[in-house]
Amino acid sequence: MARIVYAMLTSLDGYIAGPSGGIDLPVPEEELHRHFNDEMR
């Protein structure tokens, strides 16, 4: 059976949107990007 993985980024206070309501997140640095990829494998 296939595995479903649901992941999302939130701020430390649990919000997913900025003050203006947008979801403009900064591009993660290479090390953080590598961590996310490893977690999804």
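For the condition of a type in the set (A, V, I, L, M, F, W, C), at negative phi and exposed (fewer than 10 other Cβ atoms within 10 Å of the Cβ), Ile4 qualifies. Count of the chain residues, restricted to those that are of a type outside the set (A, V, I, L, M, F, W, C) and in a loop (DSSP other than H, G, I, E, B), is 17.
Within the stretch 17-41, residues that are touching a residue at least 24 places away in the same chain (Cβ under 8 Å) sit with their Cβ atoms under 8 Å from residues that are surrounded by fewer than 11 Cβ atoms within 10 Å (Cβ to Cβ), at 6+ positions apart or across chains, in these pairs: Phe36/Ala7; Glu39/Ala7; Met40/Val5; Met40/Ala7.
Any read-out appearing in this document is the output of simple, stated calculations on the displayed coordinates, not a laboratory observation. Worth saying up front: this structure is predicted, and the values here are computed from it rather than measured. Note that we place each Cβ from the backbone using ideal geometry, even for glycine, and neighbour counts take in every protein chain shown.
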